[in-house]
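Data block below; observations after.
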Amino acid sequence: MWTSDPSLVALAFLVGLAAGVTLMSMLAVLRSDQDHPPSEQRTRL
């Protein structure tokens, strides 16, 4: 019923977009951590 309201549709779209961006950023950080292991940082400390 509420899907007919364009404002709610836009809000849901923005929420989904924000969630997708956060997930992609987290995956990018995890991939970068795997590509560059923190062994060098441990030796520095």
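The values are calculated or read from the model by the stated rules, or taken from the named source; none is laboratory data. In this text the structure is predicted, and so the values were computed from the model without any measurement. All Cβ positions, glycine included, derive from the backbone under ideal geometry; neighbour counts span all protein chains shown.
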Looking only at region 1-13, which residues are surrounded by 10 or more Cβ atoms within 10 Å (Cβ to Cβ) and assigned to a helix (DSSP H, G or I)? 8, 9, 10, 11, 12, 13
If I filter region 30-45 down to residues being assigned to a helix (DSSP H, G or I) and surrounded by 10 or more Cβ atoms within 10 Å (Cβ to Cβ), which single residue comes out as modelled with the lowest pLDDT? 33
